[in-house]
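Have a look at the structure below before the remarks.
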Amino acid sequence: MQTLSADDLTRRVRLLLQAAGSDEKVAQQVAANLVLANLSGHDSHGVGMAPRYVDAILEGRLNPKADAAVRVDAGALMGLDGQGGFGQWVGVQAMELAFARVRQFGCCVFTLAHAHHLGRIGHFAEMAAEHGWVSLHFVNVDARPVVAPAGGSDGRFGTNPICMGIPVGTPGSPDPSRAFILDFATSRVAQGKMRVAHNEGRRVPEGYLIDAQGQPTTDPGVVVVPQADGRMGALKTFGEYKGFGLAVVAELLGGALSGGGTWHREADGRRAVFNSMFCVVVDPVKLGTQDAFFAETRAFLDWLKQSPAAPGQPLGVQLPGEPERAARQERMAQGLRIDPATWQELVESAKKVNVAFA
Ligand code: NAD
């Protein structure tokens, strides 16, 4: 294992992305976002994605210089296009465009089509919550059909994340350290976590995966490397048909309503990962309910936290967003540990663009 500070890791990833053709400012923002995912405990969406981004640039499908474009401007309703740019760049541009509309109208509904991988969707909800705004995010993944529909036996769609952010604090003074950020893949686990588990040589709990024959397995390799017959296994959705239903909603709102496209074809082995997002941002102040909203939110979340810890649950009730903030504190202090396989992938990726990962 390599252990690095967040700053050191950010610098190395920035230089890698710059060597692949990205401007310094964009590379810095993407690298910082990936490192923040590592800090937040989501290594699946951290710097281990950078080699894939480099491959996506080299195959000509990720445009490292693209900005988000406004295709439809109807005030509080916008249709945006990420034009194949870095998701961590065009996604932030999209949120900032939406924030200007929220200031004007109290809400904004927008779609963002054709962004390259948006990374941790919670990042965007955290941005909105810092302003004291509620946000909802439905995202589809155009990369590889790695999740099986409930009742089916092979992968038909992506890990389609859904995220909901709710600010906590007082009117005019939201407290980001308490924001409720529910941010999850609709698959039983994120695909990237299977890559990390496979790289670390670990098995995963039962119920997450089926193999290329549709049989249950605990080997994460079935969704990371092609199997003997060239086919891949698949992840299951969480919550059986309920998670499956939500995954379909994310595909249809993220992929169909945005015009970005849904997945309905065989896997093609390409490295780029495209995301399209449907997003709603609401300002409780403009709705006139800010006093009740913030008071009731605090009262309800405090009420939940007062539930006595269940046996074997030393932390008791945790609220969505808390695990990520706790991980950040711990990892900022202890440094970020990068497993040998991920490190090797970063080193090899740097060679492809003629730099050292140093
Ligand atoms: P996960 O299973 O760790 O769930 C994370 C969510 O659950 C967070 O909101 C977290 O705060 C909350 N949580 C975790 N433990 C909790 C507990 N004990 N009590 C209460 N709440 C708890 O995450 P995941 O499904 O593996 O997703 C990881 C990340 O992957 C997310 O950030 C997601 O946006 C991202 N993702 C991105 C894409 C993409 O294509 N861009 C695709 C899939 C997932």
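The values are calculated or read from the model by the stated rules, or taken from the named source; none is laboratory data. All of these numbers come straight from a predicted model, not from anything done at the bench. We place every Cβ from the backbone using ideal geometry, glycine too, and count neighbours over all the protein chains shown.
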Listed by first then second residue, the pairs whose first member lies in the stretch 256-269 and is at pLDDT 95 or above, whose partner is surrounded by 15 or more Cβ atoms within 10 Å (Cβ to Cβ) and among the acidic types (D, E), with beta carbons under 6 Å and at least 6 positions apart or on separate chains, are T262/E251; W263/D142
Given the options D67, D55, D43, D81, name the one that is touching a residue at least 24 places away in the same chain (Cβ under 8 Å) and either within 12 Å of the ligand (Cβ to nearest atom) or of a type in the set (G, A, S) (or both). D43
Can you find a residue that is within 15 Å of the ligand (Cβ to nearest atom) and in a helix (DSSP H, G or I) anywhere in the stretch 293-301? yes
For the subset of the stretch 306-358 comprising residues that are acidic (D, E) and closer than 30 Å to G21 by Cα, which member is modelled with the lowest pLDDT? D339
Spot the failing condition for K242; the list is (1) within 27 Å of V282 (Cβ to Cβ); (2) buried (at least 21 other Cβ atoms within 10 Å of the Cβ); (3) among the basic types (K, R), and only one is missed. (2)
Residue count, the stretch 87-145 (criterion: farther than 19 Å from V70 by Cβ and touching a Leu at 6+ places or on another chain (Cβ under 6 Å)): 1
Which residues, counting only those in the stretch 147-184, are within 16 Å of the ligand (Cβ to nearest atom), touching a residue at least 40 places away in the same chain (Cβ under 8 Å) and part of a strand (DSSP E or B)? V147, F157, P161, I162, C163, G165, I166, F180, I181, L182, D183, F184
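For (1) within 16 Å of the ligand (Cβ to nearest atom); (2) outside any helix (DSSP H, G or I), each residue gets a yes or a no:
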{"position": "V109", "(1), (2)": "no, yes"}
{"position": "A115", "(1), (2)": "yes, yes"}
{"position": "A125", "(1), (2)": "yes, no"}
{"position": "H137", "(1), (2)": "yes, yes"}
{"position": "V141", "(1), (2)": "yes, yes"}
{"position": "P145", "(1), (2)": "yes, yes"}
Go through the stretch 270-292 and give me each residue that's hydrophobic (A, V, I, L, M, F, W, C) and without any contact (Cβ under 8 Å) to a residue 12 or more places away in the chain. A292
Name every residue in the stretch 316-341 that is crowded, with 18+ Cβ neighbours inside 10 Å and more than 16 Å from the ligand (Cβ to nearest atom), in order of residue number. L336, I338
Only one of A50, A37 is part of a helix (DSSP H, G or I), more than 14 Å from the ligand (Cβ to nearest atom) and touching a residue at least 60 places away in the same chain (Cβ under 8 Å), namely A50
